[in-house]
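Notes to accompany the following structure.
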Amino acid sequence: MNWWKQLNPVKNINIIGPKMIFNGIKGKVKLAEPLKRHTTFKIGGRVRFFIEPRDTADLKLLLILRKRYKIPLLVIGGGSNILAGDRGMDCAVIRLSSPYFKKISFQDNRLEAGAGNFLQRLISCAQKQGLSGLEFLAGIPGTLGGALAMNAGAWERNIADLVEKVTVMDYNGKVKAFTKKYLQFGYRQSNLAKYIILKARLKLDRREKKEITRQIDRYISQRKNTQELSGYSAGCIFKNPEGYSAGRLIDLCGLKGKRIGRAYISPRHANFILHKGKACAKDVLKLMGLAKRQVKDKFNLRLEPEIKIWK
Ligand code: EPU
């Protein structure tokens, strides 16, 4: 493997050997894993370690080991809001995708779920129990952990509206539970991003199962009518500046359909960048730069990325 010779060396890694570092981990440890396999953008170079811990004890051990060897750590959920660089990263990426982090339970009208659950699974499990509240998230490809960290939302609603309690692990391996009082959510942000989210309890409402299904279908067709669902993308690229729609602003700059390399701005919704395969992060970043500059020049407004850029 010569890909990581170009990267900054992780301290001590050559003494012990990369395979040995996470030896005690019971979950899956992959070396030189391409991130493009784990992002909805299907873009992203290799990371030195890609780890799926088995449970919280395994996660704690992982945190101890990565601290000992000073290995930078990133957490990935559904990979639906990430643009990962083409060059790869000398770090460990963890994903809570083992069955332990995908548990779901119900008590009265409360849903408790592991952070690794995909939102679409939660919506369908809640529907089967006759519990309503998650429907507005229909069509969003992320996991519960990712949705909480960035307060995912659509149609004037955010996941924060449903949250009662969130259990996290800090980067020293300590488990903490936060109730509503401590939690702070804003537009596509929260104070949970500095922790590893383990699970959450959401408060839902009883409703006719048929009505829930109808509501889900309404949101899905609204999405189909207004957004870009073809190709590979990461949803909306920029946050909406207060009082404006980033999509409309980019559209008014005449950038719909603009192509750089293999990536292009959606002809349908200008806040989506997409490709049909083989685009590079570099192409997407150039398109983002172009949209940002033109919106600044034309409207004197600053566009901030909604997606996370890892490079
Ligand atoms: N518009 C245009 N041209 C475009 C795109 C939009 O003129 O190319 C106009 C639309 O016609 C509409 C207005 O701009 O009048 C707003 O557009 P839209 O209803 O599509 O909503 P948005 O502000 O672009 C936001 C969220 C979406 C969320 C939708 C629906 C952000 C950045 N985007 O989009 O979230 O699904 O509302 O609630 O907050 C995401 O987070 O990834 C995402 C896609």
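The values are calculated or read from the model by the stated rules, or taken from the named source; none is laboratory data. Just so you know, these numbers come straight off a predicted model, no measurement behind them. Note that we place each Cβ from the backbone using ideal geometry, even for glycine, and neighbour counts take in every protein chain shown. In case anyone asks, the SASA skips ligands and DNA or RNA and just uses the protein heavy atoms, side chains included. Shrake-Rupley method; radii C 1.70, N 1.55, O 1.52, S 1.80 Å.
Considering only Cα-Cα distances, which of the following residue pairs are longer than 18 Å: LYS60/LYS194; LYS224/LYS298; LYS26/LYS176?
Distance filter (> 18 Å) returns LYS224/LYS298; LYS26/LYS176.
Leaving ligands, DNA and RNA out of it, report the carbon-plus-sulfur percent of the accessible area of the range 104-242 at a 1.4 Å probe.
Here carbon and sulfur together make up 47 percent of the probe-accessible area.
Please report, in debye to the nearest 20, how large the charge dipole of the chain is about its Cα centre when each Lys and Arg carries +1 at its beta carbon and each Asp and Glu carries -1 there.
Once rounded to the nearest 20, the dipole reads 820 debye.
List the relative contact order of the range 126-275 as a percent without decimals, with contacts defined as Cα pairs under 8 Å and 6+ residues apart.
Relative contact order for the range 126-275 comes out at 22 percent.
At a threshold of 8 angstrom on Cα-Cα distance, excluding pairs fewer than six apart, so keeping six or more, what relative contact order does the chain reach in percent?
16
What are the principal axis extents of the Cα atoms in the chain, in Å, biggest first?
That works out to 55, 52, 32 Å along the principal axes.
Give me the distance in nm between label points sitting 7 Å out from Cα along the Cα-to-Cβ direction at LYS28 and ILE64, one decimal.
2.5
Largest first, please: the extent of the C-alpha atoms of the range 180-222 along each principal axis, to the nearest Å.
That gives 38, 24, 18 Å along the principal axes, largest extent first.
Within straight cross-link reach of LYS296, meaning Cα distance under 26 Å, which lysines are found once same-chain residues fewer than 8 apart are removed?
Within the straight-line limit of under 26 Å, LYS296 reaches these lysines: LYS239, LYS256, LYS258, LYS282, LYS286, LYS308, LYS311.
Keeping every protein chain present and rolling a 1.4 Å probe, give me the accessible area per residue for the range 195-311 in Å².
Here the residues of the range 195-311 average 56 Å² of exposed surface.
Can you spot the lysines whose alpha carbon is less than 20 Å from LYS128's alpha carbon? Ignore those fewer than 8 places along the same chain.
Of all the lysines, those that pass the test against LYS128 - Cα under 20 Å, at least 8 places apart if same chain - are LYS102, LYS103, LYS203, LYS209, LYS210.
At 1.4 Å probe radius, can you tell me the per residue accessible area of the range 17-111 in Å²?
Counting only protein heavy atoms, the per-residue value for the range 17-111 is 44 Å².
For the range 48-169, state the average projected area of the convex hull of the C-alpha atoms over all orientations, rounded to one decimal in nm².
8.3
May I ask you to list the chymotrypsin sites (Phe, Trp or Tyr not before Pro) in the range 221-311 that are in a DSSP loop and have at most 16 other Cβ atoms within 10 Å of their Cβ?
TYR244
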